[in-house]
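First comes the structure, then the notes that go with it.
Every number in this text was worked out from the coordinates using simple rules, so none of it is lab data. Given the structure is predicted, the values throughout are model-derived calculations rather than measurements. Ideal geometry is used to build each Cβ from the backbone, glycine not excepted, and the neighbour counts take in all protein chains shown.
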């Protein structure tokens, strides 16, 4: 088992001494070694072992070729698709560029569409436009234009998206529901709900059928405007349309709308309908969603019922355990969460740091900081981690703060900042309390150092950090201003979007 983590520079602290051990055991949480005498060695396995998102995978490709092993274009195309599904866009783009520039492959229009999409995700809109403009006119097919449209949709470039759609109309390109969905989704995200019906009517006039995505976008727009009556009318209309196959997502959205309106019985009714419509290919994802929704509705019986169905799938998924533990924590069922955690520990072959981090955070928020310490120590003893990372340290700091152990809270907060990387933010309530504590202890140098580190690492806005550094120097820490300005510590989730080039207008 591998957990990439920066070393803790505060190795001699009392918090670190609590958690450090001399011997390492790998019984429960370690990755099992390969039993065959000749383990498989394929290009995609080597690439996926290169898990550092900042490291280039070109050396892996070059090493493969130096060993006299060929790299075939279909293999590269499959790996690119897999990397994109895992959101490893930088590595996917490197492969795409390697395929065309180093391998000198015959690049298809679909390859171009995928590359444009990846450039927009990794390097931004300007570079995506530059690539699009470099393509020969005859290669700018509906797939490439569709990828450009999707780029503008993802980056919320409304005027450019509308202009691209108009060009596609004028060129008489075969625009499908996928392209319309990109623009519909953009209108929805920008709150321009009045434009949805006009565009959907255009689809109808051109004989383009509304698909499940189209209906989901429209239903979601009703939810965002709290228009329950409009949602019910639209739902009835598509239910009665013989040409439309109702998907489970539609009822899930309706359930969400009723839940927000505190109409629990109707929400449960819609959720039951959704369960009956899940296709076999989506069942794993659907079960994870249902577990979360039942937890949001406060229905522990529903959570456990779906969990049993999930376990009967016969496969082990970290995402499911993460979802179940999170749901049980939300329902204040820590005993149940611990049982699921133990099951995960006994069966996992690929360590997922989010699961123990979630449990440690839950312990600290519920006032069980000693349990959080013990579990962190256990992770170290079993070789799952070398030392606690910034997320664990931040959770421990919260626990110490809530327990009144402010010296340990300061120690853990400082260690968290030192070991932190992008994607992490301090819990501002705890940070504010630590700064106030340091002021009371006349230890302004440490307070100033912490704020400067947060500024350097980009975890605080520059103006807030500078202002607080100045106030600390004047012995008047305005911790309240910090608490009002920055949000709580969370691992940010990427916004879910419809990927144009992943649907029928994208890859081959």
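What the table shows:
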read-out	value
Exposure proxy ranking, count of Cβ atoms within 10 Å, fewest first, for 315, 260	315, 260
Cα Rg, Dmax, the stretch 155-254, angstrom units	13.6, 39
Cα gyration tensor, the stretch 216-332 - rounded (a/c under 1.5), prolate or oblate	oblate
Ranked 241, 333, criterion: other C-beta atoms within 10 Å, fewest first	241, 333
Prolate/oblate/rounded call for the stretch 39-107, Cα gyration tensor, a/c under 1.5 rounded	rounded
Sequence of 270, 168 once ranked by neighbouring C-beta atoms within 10 Å, starting from the fewest	168, 270
